[in-house]
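> A single structure is presented below for examination.
Derivation of every value follows stated rules applied to the coordinates shown; laboratory data play no part. This is a predicted model, so every value here is computed, not measured. Don't worry about glycine lacking a Cβ; one is built from the backbone with ideal geometry, like all the others, and counts go over all protein chains shown.
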Amino acid sequence: MKLIDNWRHAWRFLSVQAMSLALAIQGAWLNIPDDLRAHLPDRAATYVTAGVLFLGLIGRVFQQRGSDGTTDR
C-alpha cells in the first residue's frame, strides 16, 4: 500500500471532509441526551450521515481544485 503523492493536502478533499463530518455527526448523536434525542426522528442521524457520505463519494470522483488553482489528485 502506498500513500498518494499529495497526502499532506488530503484534508482539502471533499471526500475526506465528508467522512470527517459524518464521524462528527455520529459522535454528536451519541452525546445528545436521551430526552432531547426523543424529540428527533429515530433514524435522523443515520439518514443525515448517509447523505453526507454519499456527497463525499460524489466528491471523490470529480477533479477538485485548490484555492491556489492547483489540482488535487
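> When averaged across all projection directions, what area in nm² does the alpha-carbon convex hull of the chain cover?
Result: a mean projected hull area of 6.4 nm².
> Here's something else I'd like to know. Determine the relative contact order of the stretch 10-64: mean sequence separation of Cα pairs under 8 Å and six or more apart, normalised by residue count, in whole percent.
Reported relative contact order: 62 percent.
> Picking from G56, M1, Q26, whose Cα lies most toward the positive end of the charge dipole for the chain (charges on Cβ: Lys, Arg +1; Asp, Glu -1)?
Looking along the dipole axis, the top candidate is M1.
> Something else about it: Could you run the Karplus curve 6.51 cos²θ - 1.76 cosθ + 1.60 with θ = phi - 60° over the stretch 42-49 and give me ³J(HN,Hα) per residue in whole Hz, x for Gly and Pro?
Calculated HN-Hα couplings, in order: 4, 9, 4, 5, 5, 5, 5, 4 Hz.
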